[in-house]
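> What follows is a structure written as structure tokens; I'll ask about it next.
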Amino acid sequence: MSPGTSLAPAAAATNLEALAAALEAYQPNTAAHPDDHYAFLVCQEALLAARAGNYGVGCLLTDPAGRVIVRGHNQVFQPRFRSDLHAEMVVLNHFEQTCPELTDLSGYQLVVSLEPCPMCLSRILMAGIGVMRYVSPDQGGGMIGNLHALPPSFKTLAGGQVFGQARCSAQLRQLALSLFTQNLAELRERLLQRRPRG
Ligand SMILES: [Zn+2]
């Protein structure tokens, strides 16, 4: 399904449960795909977000030993509207609130189910996370493919960080995208309704 495709609510719910079943049946294969386990976990978070009526995007943060220390998902619409609570922001908010003593984040890695938007990329730059990997590209809103368009001072920050796609299976990549797009048209309309329309 392509971004912007509209589905009736019943069809969208059916589609989401089909995605949930596919995810539940999936077995991560880190021998073939080094980031498969992380990609699987952020898809699980994306499913939680979508089931709650939020954008279906999940995120996690690993420490220098590769341990998952924070997991979270998009909370823009539920439990109440918060325009800033994309999955990356939720995870970084929690991390910075609970680990204020850390000053070297070069060994930390953020994994997101969807390519970060301009807001979240800016946050990742400010936070100084060493590595950021995303599972699915976002043709409509992703900023990693547009790093050249950053203002100069942001480019300077980005020069010390690594950005790239997660090394995961094509099946997980497709699941991550589908979890995002299955209710995208409905949620985009709700965002558009918050502003003047020409
Ligand atoms: Zn974002």
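The values are calculated or read from the model by the stated rules, or taken from the named source; none is laboratory data. Given the structure is predicted, the values throughout are model-derived calculations rather than measurements. So basically every Cβ, Gly included, is an ideal-geometry build from the backbone, and we count neighbours across all protein chains shown. For accessibility, only protein heavy atoms count, side chains too; no ligands or nucleic acids. Shrake-Rupley method; radii C 1.70, N 1.55, O 1.52, S 1.80 Å.
> When only C-alpha pairs under 8 Å and at least 6 residues apart count, what is the relative contact order of the chain, in percent?
So the answer I get is 25 percent.
> Could you run the Karplus curve 6.51 cos²θ - 1.76 cosθ + 1.60 with θ = phi - 60° over the stretch 157-163 and give me ³J(HN,Hα) per residue in whole Hz, x for Gly and Pro?
Using θ = phi - 60°, the values come out as 4, 5, x, x, 10, 10, 10 Hz.
> I would also like to ask the following. How much accessible surface does S153 have with a 1.4 Å probe, in Å² rounded to 10?
So the heavy atoms of S153 present about 70 Å² to solvent.
> Name the long-range amide H neighbours of L114: under 5 Å, sequence gap of 5 or more, or other chain; modelled H, no Pro or chain starts.
G58, V135, S136
> On to the next question. Looking at the chain only, what percent of DSSP beta bridges run antiparallel? Nearest 5 please. Provide the component values of the computation, followed by the final result.
Numbers: 9 of 18 bridges.
In the chain, DSSP labels about 50 percent of beta bridges as antiparallel.
> Let me ask something else. Just to be sure I understand: with springs between alpha-carbon atoms less than 10 Å apart, which residue in C43, C117, C59 has the highest mean-square fluctuation in the Gaussian network model of the chain?
Answer for the Gaussian network model of the chain: C117.
> Another question about this same structure. Can you figure out the FRET efficiency of Q165 with R195, using R₀ = 25 Å and their beta-carbon distance, to the nearest 0.05?
The computed FRET efficiency comes out at 0.15.
> May I pose another question? What are the ³J(HN,Hα) couplings of the stretch 132-143, residue after residue, when phi is run through the Karplus curve with 6.51, -1.76, 1.60 and θ = phi - 60°? Round to Hz, x for glycine and proline.
In residue order, the calculated couplings are 10, 10, 10, 7, 10, x, 10, 4, x, x, x, 10 Hz.
> Taking only protein heavy atoms and a 1.4 Å probe, what accessible area per residue, in Å², does the chain have with all protein chains in place?
Details: 9610 Å² over 198 residues.
About 49 Å² of surface per residue is accessible.
> Next question. Could you run the Karplus curve 6.51 cos²θ - 1.76 cosθ + 1.60 with θ = phi - 60° over the stretch 41-56 and give me ³J(HN,Hα) per residue in whole Hz, x for Gly and Pro?
Once θ is set to phi - 60°, the couplings for the stretch 41-56 become 5, 6, 5, 4, 5, 4, 5, 4, 4, 5, 5, 7, x, 9, 4, x Hz.
> Out of I69, I144, I124, any idea which swings most in a Gaussian network model of the chain, alpha carbons joined below 10 Å?
Evaluated over the chain, the most mobile residue of the options is I69.
> When the chain is treated as a GNM, springs tying every alpha-carbon pair under 10 Å, which of T103, T30, T62 comes out with the largest mean-square fluctuation?
T103
> Once each part is reduced to its C-alpha centroid, what is the distance from the stretch 94-121 to the stretch 40-62 in angstrom?
16
> Something else now. Provide the three semi-axes, in whole Å and in decreasing order, of the ellipsoid equivalent to the chain as defined by the square roots of 5 times the Cα gyration tensor eigenvalues. Numbers along the way, then the final one.
On the way: eigenvalues 133, 88, 48 Å².
Square roots of five times the eigenvalues give 26, 21, 15 Å.
> Tell me, what % of the accessible area of the chain is carbon and sulfur with a 1.4 angstrom probe? Don't skip to the end; give the middle numbers.
On the way: 5240 of 9610 Å².
Answer for the chain is 55 percent, counting heavy atoms of protein chains only.
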